[in-house]
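These notes concern the structure reproduced below.
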There are 2 protein chains.
Amino acid sequence: MTSIKIMSYIRLIFTLDLFDDKKSGMTSNKLRRQPLYEQIKSLLMRRIAEGEWQANEVLPSEWELAGELAVSQGTVRKALTELVGEGLLYRQQGRGTFVSDIASDWGDGSLVTPGLPDEHPDAIVCELLGCSRVNAAEEIAQRFAIRRAAPLLRVRQLWRVRGRTVALDDALLPAERFDGLDARWVRECGGVYAALQRRFGVRPRLQMEQLRAVTLSREEAQLLNASIDVPVLSVLRLSSSIEGEPIEWRQRYCLTEQLAYTVCRT
Amino acid sequence: MTSIKIMSYIRLIFTLDLFDDKKSGMTSNKLRRQPLYEQIKSLLMRRIAEGEWQANEVLPSEWELAGELAVSQGTVRKALTELVGEGLLYRQQGRGTFVSDIASDWGDGSLVTPGLPDEHPDAIVCELLGCSRVNAAEEIAQRFAIRRAAPLLRVRQLWRVRGRTVALDDALLPAERFDGLDARWVRECGGVYAALQRRFGVRPRLQMEQLRAVTLSREEAQLLNASIDVPVLSVLRLSSSIEGEPIEWRQRYCLTEQLAYTVCRT
DNA sequence: TAGTGGTCTAGACCACTGG
DNA sequence: CAGTGGTCTAGACCACTAG
């Protein structure tokens with residue numbers, strides 16, 4: 001217990017630049033100081049990314065954090081509330097504040113019978129088809145803010161519901177940013193996003209999604225075990241880190257004859 | 001100024017049941033009292049629905065509201081913050097808190113070139129095809145929690161971008177719940193959602209969305225001026241009031257050869 | 001019963017807007 | 001300059017969880 005406190009204290013020393021001119025104010029009031037609760041958010045995000053607390057582990061209480069960081073409990077609470085809103089944490093009254101689970105590569109939507117029901121969706125199973133390295137085309141390079149023809153990691157996945165193929169994914173990630181990421185890591189961690197989080201402390205966040213109805217190429221149709229004529233839902237998704245850095249560019253083709261791609265709010 | 005205060009005071013009297021046992025506590029502690037800020041949210045939502053403040057009008061300041069409602073400014077702030085999060089209000093530092101604009105029937109997504117750009121989307125124009133009354137099929141009736149074959153208002157709309165037809169909408173609303181709603185009201189208010197808000201004080205909120213890739217029937221293809229073979233994005237959307245009451249069931253067919261249906265976050 | 005998050009208060013100072 | 005929202009503090013009490 002005491003050692004934890006001391007370690008936290010040492011960490012605070014090294015991050016003291018964050019809490020610099022707290023009382024001074026007055027100096028250079030044009031360069032706005034970042035609010036305390038924002039600094040606390042950043043600090044907590046970094047410590048979670050570094051693995052100080054694993055998924056579903058409990059954080060120190062609000063009062064402990066307030067003590068460690070020498071701020072009031074209300075300020076810690078505001079930081080935690082925002083991180084809960086962003087999905088990084090969850091709270092349980094009387095128990096504590098916990099780190100959220102790692103996101104699945106599938107994302108948020110579920111696949112349910114088109115009619116309408118609020119039926120419980122069947123589990124989606126992922127098969128990793130393989131990883132390869134490709135060179136970034138012009139537009140992709142721009143998206144990732146990397147040079148043209150820079151190496152990309154390409155991950156292909158096949159999704160099944162009750163044994164039936166339902167979707168084909170093609171994910172692109174900047175290879176130099178995630179050096180060492182390969183099929184073995186993805187397999188061991190159980191997904192691209194899980195690997196990103198465990199190895200690089202990065203949590204992908206959906207930033208933009210483009211939806212279209214298209215038809216498949218011969219190769220894609222074969223992988224999905226579908227006719228080349230059938231209309232297919234195309235989902236093009238850009239994910240980024242919480243800081244806004246673009247992380248992944250994912251093209252999904254989804255068969256929606258049997259199951260509809262469903263998104264619920266609140 | 002004084003009269004406003006008095007009216008607010010009178011209103012408070014009539015809604016005093018909301019702020020009943022604030023200090024008493026202790027009594028029947030199993031029947032949890034609703035938090036003050038939730039009561040304030042409800043009160044403000046009702047007053048906005050009743051038209052006390054129009055879109056883009058400024059609300060009383062946090063201190064004024066706190067005075068009227070006899071609560072602390074922090075509690076008013078919490079209520080306002082949540083309503084901002086729900087999209088009902090927006091704030092501007094130094095200016096005040098304002099009522100948000102009325103939502104468009106189109107919804108949140110925009111239509112942009114499939115490539116990827118963050119290009120500024122072209123304006124979407126709506127043409128009202130007509131309103132009619134139909135009887136609720138079994139599954140729709142269940143959704144709206146109304147009896148089978150109860151009357152529904154059916155609104156059909158055609159959407160255009162730069163003159164090209166891009167989408168066909170078919171909206172169903174419970175006719176008895178929105179008695180008097182017809183083509184004239186929709187036209188005058190400039191949309192179904194605008195009419196719902198101005199006439200009934202209801203703000204539709206997206207609750208669920210189902211996406212599929214389909215082909216069109218002959219009639220729909222004709223209306224959209226499209227081939228019957230082309231894959232079309234089907235969007236099935238259920239909207240509800242903020243209280244959770246189901247309001248609208250909307251089927252959209254969207255041509256996505258030229259433009260992709262795009263959703264952005266943050 | 002001790003410890004946690006959830007609500008509420010009162011008061012302070014700041015940054016921004018507008019007349 | 002007065003008035004607004006934005007941040008931060010300190011302290012109180014409540015409801016829930018778990019030993």
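The values are calculated or read from the model by the stated rules, or taken from the named source; none is laboratory data. Please read these numbers as outputs of a predicted model, since none were measured by experiment. Note that we place each Cβ from the backbone using ideal geometry, even for glycine, and neighbour counts take in every protein chain shown.
Just a few scattered comments:
- Any hit, region B:147-157, residues being closer than 24 Å to B:Gln197 by Cα, within 16 Å of DNA strand C (Cβ to nearest atom) and more than 13 Å from chain A (Cβ to nearest Cβ): no
- Figure legend. Inter-residue proximity from region A:78-107: first residues under 20 Å from A:Ser61 (Cβ atoms) and of a type in the set (S, T, N, Q), second residues part of a loop (DSSP other than H, G, I, E, B) and near DNA strand C (Cβ under 9 Å from one of its atoms), beta-carbon distance below 7 Å, spacing 6+ or different chains. Indicated pairs: A:Thr97/A:Leu59.
- The one condition from (1) free of Cβ contacts under 8 Å to residues at least 12 places away in the same chain; (2) within 12 Å of chain B (Cβ to nearest Cβ) that A:Arg252 does not meet is (1).
- Condition check for B:Ser110: closer than 19 Å to B:Arg156 by Cα, out of contact with any Leu (no Cβ under 7 Å at 6 or more places or on another chain) and of a type outside the set (Phe, Trp, Tyr): no
- Entirely in region B:29-136, the helices (runs of 4 or more DSSP H) that have 1 or more residues that are within 14 Å of chain A (Cβ to nearest Cβ), surrounded by fewer than 17 Cβ atoms within 10 Å (Cβ to Cβ) and of a type outside the set (A, V, I, L, M): B:73-85
- Test: residue in region B:112-124 that is touching a helix residue (DSSP H, G or I) at 6+ places or on another chain (Cβ under 9 Å) and closer than 23 Å to B:Gly201 by Cα: no
- Test: residue in region A:79-97 that is at pLDDT below 95 and either closer than 16 Å to B:Gln210 by Cβ or more than 16 Å from DNA strand C (Cβ to nearest atom) (or both): no
- Residue tally, condition among the charged types (D, E, K, R), under 17 Å from B:Arg250 (Cβ atoms) and either in contact (Cβ under 8 Å) with a residue 40 or more places away in the chain or in a loop (DSSP other than H, G, I, E, B) (or both), over region B:140-154: 1
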